[in-house]
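Heads up, the thing below is written out as structure tokens.
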Amino acid sequence: MGPDESQQEVIPPWRRTTPDGAPYWTKNYQPGVPIDIELPTESLCALLDTAVREGGNHVATEFFGAEMTYRELGDRVARAAEGLRRLGVHAGDRVAILLPNCPQHLIAFYAIVRLGAIVVEHNPLYTAPELEKLFADHGARVAIALDSAIDKLNQLPVYERPTQIVAVNLLNAFPRHLQLALRLPLPSLRAKKKALTSGTKGTTSWEKLVSSRPISRRYPRPDVHDLAAIQYTSGTTGRAKGAMLSHFNLYSNARQGEAWMLGAQPRRETSYAALPLFHSFGVTVHTTFGVLKQSRQVLFPKPDVDLIVAAAKKRPPSIYCAVPALYQRTAEKAKAQGISLASARWCISGAMALVEETRELWESVSSGLLVEGYGLTEASPVALGNPFFPSRRPGTIGVPFPSTLMKVVDVNDPEREVAVGEPGELLIKGPQVFQGYWRDPEETAQTLIDGWLRTGDVVTVDEDGFTTIVDRKKEIIITGGFNVSPSEVEQELVRHDAIVDVAVVGMATGHGDEEVVAAVVLAEGQTLDNDQMRAWAKQRLAAYKVPRRFIKVDELPRSMLGKVLRGQVRQDLVAK
């Protein structure tokens, strides 16, 4: 009689592999059939509690050499939470964060959610007019801000201005010897200090906030389905909207990432946090997943390649998630200086298309595969990805993350699914899909259909289930009855020797139609001749895809992660 089957280990489906070592779902993936993970039943507070209990004296963050352990992180979160409670923060309140990557940022996030309050992340470099629109929408009355950003908050109208501001002096997170050096009256250091700090009159200092006693263990904790964050979209296709993300959404996406990075070990990984923590990509990779894996997170206040490569000399990364341009620059700098990046094994590229040249360059200097992922703010953000195995498909965005469903539908009829290989709008459903837009039921109803998130991205899916982005639905240009993909036209135009950057948009003709227009950045010393450009393009594109006009611009507007803002390009051209 054989062994009792009930005593045999049951291998979860997301950890199964095929005989050749590939993830189970890359060989057996069927569109519409998810590979499941164990979904969270507690809030993000439980995630941090586990990290503090198990991580203990393991380093949680490293900032210019200054280290903070997981035990210290837990203590400071508890003290900051009590400090915020004394400032009047309660469950359901929105609390704004305006900080670069720094230890205080991670502490602030978990302190806010510990109270059951809602984190609202902001780029600390936003201007006062940009902040005014966001604060008018979310209405946060308490803000935790870099002290150099506080003047902008004070410029907001009285009825939108936060009533309580916690000022963070970035110098106080530096190692003691650097703090002393930056206080020396040297002209070269004075400028750096000014960039890091400024006046904080009428505010509460961060140091005072975390000097509070720890919050009571009996203080009510949020539920797993409570709202944890309002993350604003980049506004690439219109005004920025606040995506409501629950504890369940964010915690689930962290666990999905854990299932994807099958070999990443708790307390053994060093993760480079160059992605901004105020962006949804950074929130999941570092604020949640990084804590879930109890990794050492090396924080960079900005994606400075010199800082990143210098850090690799002392503390090389094993996890490095970034955007293509940062991978390219990091690899080039490391090769030029003879610095090894062989430790980098887990690398996911996002936010924009990963070109083959960048992938090959990065993989030539690292020890792992550089795979492309796909996400959007409304999906916490990661929804699909290429596997970390040879079965990955370069040039695609991979297959659905664990516990994620997807389907491709007619761009004009979301009820009709298209055939394999046919272009259509990508719809996804999973535990990471958001709760809707903050105070915007109409936009929510248009974006969520029976739990399915309409991504607005046009894709094709091959017979193995690997997905390729064709374009943005809202950016498809309709001219003469034909649909024109801006990305396709841009990919051809950028091959011209005179063009270093280009954005293609549709401009209304006034007759219910659009014309294709290209905004181009020219190489130094080059001139623009519209007829010559059109003639060159006609040799490579169908006539209806060739831009009617080529307009010279000095630069193209981009999002914080480098994505061209076509909506802004269109507005700028209209204003000319």
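The values are calculated or read from the model by the stated rules, or taken from the named source; none is laboratory data. In this text, all values refer to a predicted model and were calculated from it rather than measured experimentally. So basically every Cβ, Gly included, is an ideal-geometry build from the backbone, and we count neighbours across all protein chains shown.
A few remarks follow.
- Some residue of region 537-556 being touching a His at 6+ places or on another chain (Cβ under 7 Å), under 20 Å from residue 500 (Cβ atoms) and either surrounded by 14 or more Cβ atoms within 10 Å (Cβ to Cβ) or touching a residue at least 24 places away in the same chain (Cβ under 8 Å) (or both): no
Rundown of residues vs (1) surrounded by fewer than 23 Cβ atoms within 10 Å (Cβ to Cβ); (2) in contact (Cβ under 8 Å) with a residue 60 or more places away in the chain; (3) in the same structural domain as residue 490 (by TED's automatic domain parsing); (4) closer than 20 Å to residue 252 by Cα, yes/no style:
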position: 315; (1), (2), (3), (4): yes, yes, no, no
position: 339; (1), (2), (3), (4): yes, no, no, no
position: 394; (1), (2), (3), (4): yes, no, no, no
position: 400; (1), (2), (3), (4): no, yes, no, yes
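- Residue match in region 256-266 (condition: modelled with pLDDT under 90, farther than 16 Å from residue 109 by Cα and among the polar types (S, T, N, Q)): no
- Region 436-460, residues that are assigned to a helix (DSSP H, G or I) and either free of Cβ contacts under 8 Å to residues at least 12 places away in the same chain or more than 25 Å from residue 257 (Cβ to Cβ) (or both): 441, 442, 443, 444, 445, 446
- Residues of region 258-296 that turn out to be of a type in the set (S, T, N, Q) and in a helix (DSSP H, G or I), as a count: 4
- Filter result for residue 433 (in a loop (DSSP other than H, G, I, E, B) and modelled with pLDDT under 90): no
- Among the criteria (1) of a type outside the set (Asp, Glu); (2) modelled with pLDDT of 85 or more; (3) under 28 Å from the mean Cα position of the chain (by Cα), the one residue 551 does not fulfil is (3).
- Residue 465 meets each of the listed conditions (1) assigned to a loop (DSSP other than H, G, I, E, B); (2) farther than 30 Å from residue 347 by Cβ; (3) not β-branched (Val, Ile, Thr) apart from (2).
- Region 374-419 - residue that is of a type in the set (S, T, N, Q) and touching a strand residue (DSSP E or B) at 6+ places or on another chain (Cβ under 8 Å) and, of those, modelled with the lowest pLDDT: 391
- Residue, nearest to residue 303 (Cα to Cα), within region 527-576, restricted to residues that are touching a helix residue (DSSP H, G or I) at 6+ places or on another chain (Cβ under 8 Å) and part of a strand (DSSP E or B): 551
- Only one of 113, 119 that is closer than 15 Å to residue 276 by Cβ and among the aliphatic types (A, V, I, L, M): 119
- Some residue of region 28-49 being among the β-branched types (Val, Ile, Thr) and modelled with pLDDT of 95 or more: yes
- Tally of residues being closer than 24 Å to residue 283 by Cβ and in a loop (DSSP other than H, G, I, E, B) across region 318-367: 11
- Test result for residue 173, crowded, with 19+ Cβ neighbours inside 10 Å and modelled with pLDDT under 90: yes
- Put simply, of 159, 126 the only residue that is surrounded by fewer than 23 Cβ atoms within 10 Å (Cβ to Cβ), hydroxyl-bearing (Ser, Thr, Tyr), more than 25 Å from the chain's Cα centre (by Cα) and over 23 Å from residue 266 (Cα atoms) is 159.
- Some residue of region 472-488 being free of Cβ contacts under 8 Å to residues at least 24 places away in the same chain and more than 28 Å from the chain's Cα centre (by Cα): yes
- Residue selected from region 55-88 under the condition aliphatic (A, V, I, L, M) and surrounded by fewer than 23 Cβ atoms within 10 Å (Cβ to Cβ), by the criterion nearest to residue 319 (Cα to Cα): 59
- Candidate set: region 176-193, residues that are at pLDDT below 60 and charged (D, E, K, R); chosen: the one surrounded by the most Cβ atoms within 10 Å (Cβ to Cβ): 193
- Helices (runs of 4 or more DSSP H) fully within region 55-149 counting 1 or more residues that are under 26 Å from residue 292 (Cα atoms) and in contact (Cβ under 8 Å) with a residue 24 or more places away in the chain: 70-86, 103-114
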